[in-house]
Amino acid sequence: MTTAPNPHASLRVTLPGIAICLLAVACERSPAPADSDGAPFSVLPNLLLISIDTLRADRLSLYGYSRPTSPRLDQVAAESIVFDRFYYNGGGTLPSHMSLFTALHPATHGIGPESAKTLEPERLTLTEALRARGYATAAFTDGGWIAGKFGFAQGFDEYHETGGGFAASVPKAEAWLAGRAPDRPFFLFLHSYDVHSSWKSLPYDCPGEAELDFAGHPPEGFNGCKRGLCASTLLADSNARVQAGAARLDDLFSPAELRYISDLYDGCVRWTDARLGDFFDGLRGEGLWENTLVVILSDHGEEFGEHGALLHDQGGYEELARIPLLIKPVGPRRAERRVDGLAAMVDVMPTVLDLLGSSAPPEVQGSSLVPAIAERRTRRPNVHMYSVLRDGRFKYFSDERRIFDLAADPGEHANLFAGRPDLAAGLERTVRDLIAVDHAAALDFSRRNPLAPPATLSEEEAARLRSLGYVR
C-alpha cells in the first residue's frame, strides 16, 4: 500500500460549482454543486471510478451484444448516461490510465512502458483536485502497469496494489468505506485485470469455472497450451510470429480454438459483472448509492483475430479503441440516457470535476461532456489516438496508410487509402497538427519543470507483468 505525499496540499479549489443538469435541456451556473434537478447538495457527492481493464464495449449486452454478459451493469446503465462512441486516446494500460487521471494525451504526459518515467509531481491529477476539496481518497488496484510508482498514487491517501482482481479488492474497499470518516465525501478508485488474459493454463481464467459460462468444453486436444507455452505467453508468442511474417493466426489456431478463447473472455466479463453487482448492492444497502457519482469504463479493448492478431498489440481498431463509459448521476434514479457522438478518455476528468462542481486545470486536453449529456450528442470532431484518427465517419491509420469508412465498413476491412488521395491528405494534416500540439505542450511543460524520476520495475513487478503477457 502506498500513502502518497500531496505536492498540491496548499491548492484550494475555489471555482464556482455548477448545476448538474444531467436530464435538463441546458445547464446553468450555480453557487454550489447541485443535483440534476438543481437542488443544492446537502453534502458533497462521492465519486466511485471503476476501470475494468481490457473490456471492449461490444462484448457488453448493454451495448447490444447478443450474449447476456453484463446483466448487473445493464441495471446500472438503466439509470445512467451511456456513451455509445467512447474511445481511448491510444496506448496500453499505463498511458491510457494516465490520460484518465490527467486529461492529457499520451504524447503530452509521456508516461508509457517505453518511457520508464513517472508522472511529474507538478502535474495536477483528478485525485489531487478532489483531495484539495476535502475528499478522502483511496484506490484498490491490481497493480502492474497501474502501479502507484508511475504517478497514479499522487493525491491518494491510500493506494493499494492488491492483486487478485475484484474478489480480493472489493472486500478491502468495503472495509475502507466502513472505516472512513462519515462526514467526508470519498473518491474510491477500483481497477482489476479480471477480464485480462491470464497467466494460468487457460488464456482467460476467472475464479472457479465462471469462464466456462459461455465456453463449455474445450476443443479436442486444446487445453490453453501449445508449443510448450500457455495462456498469455502463448497468445503473445503467436502475435510475435504473425508480426514477423512467420505465420498467420489461422495457421496457429483452429477456428474452434479461436472461438473457445473468445468464449472464455465472455465468461470472465460475466464473472466480473456479477462481482460488481454484489458491490453495488452493498452500496445501496449502506445508503451510499444515491449520493455517489459512479463512473465505469475501461482502458482499451481486446482482439480475437478480427485483424489477424490476439490480445491488444495493434491499437486503433474498433475492438481495441472503442470502450464502455457509463456515468450514474447523483440523486434519485433516472431513466437511461444514451449519448451519441465521439467522446474520449481525456474528457473524463473534466466531466467528473464539472459534475462535482469544479473546473478542470487549464492545461487539460479534454472537455467536459456535461453539455453533451443534455443534447444527447457530443460536439467533439475527432478522437486522437496518436497516429490513428477517428472522426465522425472515418478511421485513419497514418503509419499504416489505411482509411476505413466506418459507416459503410464497421469491421474495418476495406482500405480506401489508395482510392481517396484527397481524403488521405486532409486526414494526414489533421493528425500531424494534433501530434504537433501534443509535442508542443510536452515541451512547454518540460521547460518549466524538472525532469521526472525514472520508474524501474522490481522483480516482483516484472513477474506480475510477465503473467499478464506484457514483459517477455
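Just to check your reading of the model, which residue among Ala136, Ala178 is closer than 27 Å to Trp271 by Cα, over 20 Å from the mean Cα position of the chain (by Cα) and modelled with pLDDT of 95 or more?
Answer to the selection: Ala178.
Pull out all pairs, ordered by first then second residue, where Cβ-Cβ is under 6 Å, the residues are six or more apart or on different chains, the first lies in segment 195-209 and is within 13 Å of Leu465 (Cα to Cα), and the second is outside any loop (DSSP other than H, G, I, E, B) and among the hydrophobic types (A, V, I, L, M, F, W, C).
Between residues of segment 195-209 that are within 13 Å of Leu465 (Cα to Cα) and residues that are outside any loop (DSSP other than H, G, I, E, B) and among the hydrophobic types (A, V, I, L, M, F, W, C), the close pairs are Ser197/Leu235; Ser198/Ala231; Trp199/Ala231.
Give just the number: which of (1) surrounded by fewer than 21 Cβ atoms within 10 Å (Cβ to Cβ); (2) closer than 25 Å to Ser201 by Cβ; (3) touching a helix residue (DSSP H, G or I) at 6+ places or on another chain (Cβ under 8 Å) does Gly267 not satisfy?
Status for Gly267: all satisfied but (1).
Among the candidates Arg275, Arg227, Arg241, Arg248, which residue alone is within 30 Å of Asn46 (Cα to Cα) and of a type in the set (Lys, Arg)?
Arg275
Has segment 169-186 got any residue that is crowded, with 18+ Cβ neighbours inside 10 Å and part of a strand (DSSP E or B)?
yes
Return the residues of segment 361-391 that are among the small types (Gly, Ala, Ser) and at pLDDT 95 or above; say none if nothing qualifies.
Gly366, Ser367, Ser368, Ser387
Look at Phe152 and say whether it is in contact with a helix residue (DSSP H, G or I) (Cβ under 8 Å, 6 or more places away or on another chain), on the phi < 0 side of the Ramachandran plot and in a strand (DSSP E or B).
So Phe152 fails the test.
Please verify whether segment 386-395 includes one or more residues that are surrounded by 13 or more Cβ atoms within 10 Å (Cβ to Cβ), at negative phi, among the β-branched types (Val, Ile, Thr) and without any contact (Cβ under 8 Å) to a residue 24 or more places away in the chain.
no
Of all the residues that make up segment 252-294, how many are within 19 Å of the chain's Cα centre (by Cα) and either without any contact (Cβ under 8 Å) to a residue 24 or more places away in the chain or not in a helix (DSSP H, G or I) (or both)?
Count: 2.
The values are calculated or read from the model by the stated rules, or taken from the named source; none is laboratory data. Here the structure is a predicted model, which is why all the values come from computation and not from measurement. Please note: Cβ atoms are built from the backbone with ideal geometry, for glycine as well, and neighbour counts cover all protein chains shown.
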